[in-house]
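The values are calculated or read from the model by the stated rules, or taken from the named source; none is laboratory data. As the structure is a prediction and not an experimental result, all values here were calculated from the model. Note that each Cβ is placed from the backbone with ideal geometry, even for glycine, and that neighbours are counted across all protein chains shown.
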Amino acid sequence: MSFPENSQLLTTTPAAITTEIVALCQGISPTTTPEYVEVRVEPAAEVNECFANVARKIDTDGGSIQHGWSIWQFGSWMVEAEFHAVWRNADGKLIDISPKPDGEARILFLPDPRRVYQGAPRDNVRRPLHQNKLIDDYINLAKKFYAMVFADKAGPISADPQKLMLMLECKELLKNMLQCGLSGEDRCGCESGKLYRNCHRKLAQTLRI
């Protein structure tokens, strides 16, 4: 089975605030609503360093930090919230000053007044958009991977590297199958010739933290 070469470019800013996105946001921060925020990258800002980027911006230009969640859409299969921070300028406008790997010009952002960054990562919050065993297994694997990698937040990663590699391989396989429009009832993308449920699904379900 051949997979599309751009399979890594599946996650993007949602084009609209759908009922599924509203439900995701309500489960995270019921007192706030998501809004589109312009991305205006600071020259010294680094990818995946939003909290440090905003702290430096405040040091030079004032303003304040707004903690919250970037809302992403994973194809037509899943919406996902990622803990994030943007800069609030003196006029109260929210601006995302951190660069995006895929160059988004705006993000969908959910302010969260209850949570602040204290040095430890937070797992993403994911919600499937329809019933598909591939999506369910992808979400479960993502949770397991996070729990394994960040089990000891204060020290180095001590997880079994072989198990981590298996999880990453399974996640990539599931992502590729989803992009091809497949479901859990189709043949496995590993080209074993077996149905997914009799192949990598067994591996995905038996992987333990």
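Of all residue pairs spaced 6 or more apart or on separate chains, those with beta-carbon atoms under 8 Å, a first member in region 172-184 that is in contact (Cβ under 8 Å) with a residue 12 or more places away in the chain and among the polar types (S, T, N, Q) and a second member that is surrounded by 18 or more Cβ atoms within 10 Å (Cβ to Cβ) and assigned to a helix (DSSP H, G or I) are Ser183/Leu134. Among the numbered conditions (1) in the same structural domain as Thr60 (by TED's automatic domain parsing); (2) modelled with pLDDT of 90 or more; (3) under 27 Å from Ala23 (Cα atoms), the only one that Pro99 does not meet is (3).
One line per residue, one yes/no per condition, for (1) part of a helix (DSSP H, G or I); (2) crowded, with 21+ Cβ neighbours inside 10 Å:
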| site | (1), (2) |
| --- | --- |
| Phe51 | yes, no |
| Lys57 | yes, yes |
| Phe83 | no, no |
| Val86 | no, yes |
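For region 80-127, a residue qualifies if it is of a type in the set (A, V, I, L, M) and in contact (Cβ under 8 Å) with a residue 60 or more places away in the chain, and the qualifying residues are Ala105, Ile107, Leu108, Leu110, Val125. Taken together, His67, His84 contain a single residue that is closer than 30 Å to Glu172 by Cβ, of a type outside the set (A, V, I, L, M, F, W, C) and at pLDDT 95 or above, which is His84.
Taking the criterion of being loosely packed, with under 13 Cβ neighbours inside 10 Å and either touching a Ser or Thr at 6+ places or on another chain (Cβ under 6 Å) or farther than 18 Å from Asn124 by Cβ (or both), the residues of region 27-37 that qualify are Pro30, Thr31, Thr33.
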